[in-house]
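Please read through the structure below; I'll follow up with questions.
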């Protein structure tokens, strides 16, 4: 598969008479960022659930290479009673850890803490760290910088863009300026 993500003729709805997606197709290659924008309830996060195979389409196919994801709510993506470093080591190599810690403005000792001991912004950056260290071909990002201040947001997005040669990114955001700044294509749903 030359694309990191292929969605062909996807149809899905929670009710069969009211489809969120009807014959929706999308392809994503390494080096591309495609941005999904739309109103609340339009189905942006549902698309990720379909890609992750947590939901089954009514029709169509979804194929992807190895992926990692960053959720909008970082507290839901970490187990509350295990340290961050253990949760990262379980799924990713720690190669390049120090480089990414510096870029994400995270201190190494924070990784020895439990998720509730970090601020929302720190935990979101730890979530991004874990996703990048997994070395995915496809990175799914659901409002990854919404909990970050503007300067950190810019640094994080810059770091993600520098990793583009190794992956393709599908980004959900309400921030149209961010979408226009980094997206190769903006898809409104």
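Quick one: residue 75 ticks every box in (1) surrounded by fewer than 18 Cβ atoms within 10 Å (Cβ to Cβ); (2) in contact with a helix residue (DSSP H, G or I) (Cβ under 7 Å, 6 or more places away or on another chain); (3) in a loop (DSSP other than H, G, I, E, B) except a single one, so which number is it?
Tallying (1) surrounded by fewer than 18 Cβ atoms within 10 Å (Cβ to Cβ); (2) in contact with a helix residue (DSSP H, G or I) (Cβ under 7 Å, 6 or more places away or on another chain); (3) in a loop (DSSP other than H, G, I, E, B), residue 75 fails exactly one: (3).
While we're here: Of 129, 141, 148, which residue is buried (at least 19 other Cβ atoms within 10 Å of the Cβ), touching a residue at least 12 places away in the same chain (Cβ under 8 Å) and more than 19 Å from residue 183 (Cβ to Cβ)? It would help to see each step written out before you state the result.
Values: 141 fails: more than 19 Å from residue 183 (Cβ to Cβ); 148 fails: more than 19 Å from residue 183 (Cβ to Cβ).
Exactly one residue qualifies, and that residue is 129.
For segment 107-144, which residues satisfy the criterion of being touching a strand residue (DSSP E or B) at 6+ places or on another chain (Cβ under 7 Å) and in a helix (DSSP H, G or I)?
Those that are touching a strand residue (DSSP E or B) at 6+ places or on another chain (Cβ under 7 Å) and in a helix (DSSP H, G or I): 127, 128, 131.
So is residue 121 buried (at least 16 other Cβ atoms within 10 Å of the Cβ) and modelled with pLDDT under 90 or not?
Values: buried (at least 16 other Cβ atoms within 10 Å of the Cβ): yes; modelled with pLDDT under 90: yes.
For residue 121, the condition - buried (at least 16 other Cβ atoms within 10 Å of the Cβ) and modelled with pLDDT under 90 - is met.
May I ask you to list the residues in segment 80-106 that are at negative phi, surrounded by 11 or more Cβ atoms within 10 Å (Cβ to Cβ), over 18 Å from the mean Cα position of the chain (by Cα) and not in a helix (DSSP H, G or I)?
82, 83, 93, 94, 106
Would you check if there is a residue in segment 148-162 being modelled with pLDDT under 95 and within 16 Å of residue 75 (Cβ to Cβ)? Steps first, please.
So the first thing to find is which residues in segment 148-162 are modelled with pLDDT under 95, and the list is 148-162.
Those left that are additionally within 16 Å of residue 75 (Cβ to Cβ): 148.
Scanning segment 148-162 turns up at least one residue that is modelled with pLDDT under 95 and within 16 Å of residue 75 (Cβ to Cβ).
Looking at 76, 40, which is the one that is at pLDDT below 95, over 23 Å from residue 186 (Cβ atoms) and more than 13 Å from the chain's Cα centre (by Cα)?
When all the criteria are applied, what remains is 76.
Quick check on my filter: what residues within segment 1-37 are out of contact with any strand residue (DSSP E or B) (no Cβ under 8 Å at 6 or more places or on another chain) and either touching a residue at least 60 places away in the same chain (Cβ under 8 Å) or farther than 18 Å from residue 185 by Cβ (or both)? Working first, answer last.
Within segment 1-37, the first condition is being out of contact with any strand residue (DSSP E or B) (no Cβ under 8 Å at 6 or more places or on another chain), and the residues that meet it are 2, 14-18.
Result: 14, 15, 16, 17, 18.
Out of 162, 113, 89, I need the residue that is over 25 Å from residue 49 (Cα atoms) and without any contact (Cβ under 8 Å) to a residue 12 or more places away in the chain. Which one? Give the steps one after another, and end with the answer.
Values: 113 fails: without any contact (Cβ under 8 Å) to a residue 12 or more places away in the chain; 89 fails: over 25 Å from residue 49 (Cα atoms).
Exactly one residue qualifies, and that residue is 162.
Please enumerate the residues belonging to segment 167-189 that are part of a helix (DSSP H, G or I) and either within 15 Å of the chain's Cα centre (by Cα) or modelled with pLDDT under 85 (or both). Give the steps one after another, and end with the answer.
Of segment 167-189, the ones part of a helix (DSSP H, G or I) are 176-182.
Within segment 167-189, 178, 179, 182 meet the criteria.
The values are calculated or read from the model by the stated rules, or taken from the named source; none is laboratory data. Note that the structure is predicted; figures quoted are calculated from it, not measured. Glycine gets a Cβ as well: all are built from the backbone with ideal geometry, and neighbour counts include every protein chain shown.
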